[in-house]
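Let me begin by presenting the structure, written as structure tokens, before commenting on it.
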Amino acid sequence: MYDLNASNGLERLEAIKAGELETPPMWLLMGLQLDEIKKGEVSFLCTPRKEHYNPWGNTHGGFAATLLDSAVGCSIQSMLPAGVNYTTLELKVNYIRPMTIETGEVKVIGKTIHVGRRTAVSEGQIVDSRGRTLNHATTTCMVFRPE
């Protein structure tokens with residue numbers, strides 16, 4: 001059995017990708033698949049589906065925000081030692097281009113900027129197959145360290 005308390009954030013992400021830990025249900029709902037994992041940087045692949053649409057015929061802004069929240073958060077998680085957790089304190093998203101089914105598979109990238117004792121900062125983007133940025137985000141996360 002996998003010991004969550006003995007693994008650091010990078011090891012947890014690697015265990016999910018290897019199938020040793022269950023894929024988080026939100027990732028399944030959104031269609032997120034871990035792509036690349038390294039310390040401080042995580043990427044996912046995702047293909048927009050009709051069920052992600054808003055009434056105007058493109059993906060809902062909350063879909064992009066959820067994808068980005070996952071990527072920027074996981075980039076921070078990849079930097080945390082065993083026993084240290086985090087949660088999103090603030091997320092800012094810029095919606096640059098719409099996403100539709102015709103966009104096809106997108107890459108969602110999160111890169112850590114800073115991890116401190118109590119907070120961490122990361123940025124992310126969603127890019128299409130041509131490398132164009134569709135959405136950009138920054139986040140501040142609260143870091144929980146054992147006392």
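Brief remarks follow.
- Pairs with Cβ under 8 Å, 6+ apart, first in region 31-47 and without any contact (Cβ under 8 Å) to a residue 60 or more places away in the chain, second among the hydrophobic types (A, V, I, L, M, F, W, C) and part of a strand (DSSP E or B): Gly31/Cys46; Gln33/Phe44; Gln33/Leu45; Gln33/Cys46; Leu34/Val42; Leu34/Phe44; Glu36/Val42; Thr47/Val106
- Taking the criterion of being loosely packed, with under 13 Cβ neighbours inside 10 Å and of a type outside the set (A, V, I, L, M), the residues of region 27-38 that qualify are Glu36, Lys38.
- Number of the exception - Asn8 against (1) surrounded by 12 or more Cβ atoms within 10 Å (Cβ to Cβ); (2) without any contact (Cβ under 8 Å) to a residue 24 or more places away in the chain: (2)
- Look at (1) within 20 Å of Ile76 (Cα to Cα); (2) among the basic types (Lys, Arg); (3) at pLDDT 95 or above and you find that Arg145 fails only one, number (3).
- Subset of region 121-147 that is of a type in the set (A, V, I, L, M, F, W, C) and in contact with a Leu (Cβ under 8 Å, 6 or more places away or on another chain) - its residue that is surrounded by the most Cβ atoms within 10 Å (Cβ to Cβ): Ile126
The values are calculated or read from the model by the stated rules, or taken from the named source; none is laboratory data. A quick note: this is a predicted structure, and the numbers were derived from the prediction, not measured. Please note: Cβ atoms are built from the backbone with ideal geometry, for glycine as well, and neighbour counts cover all protein chains shown.
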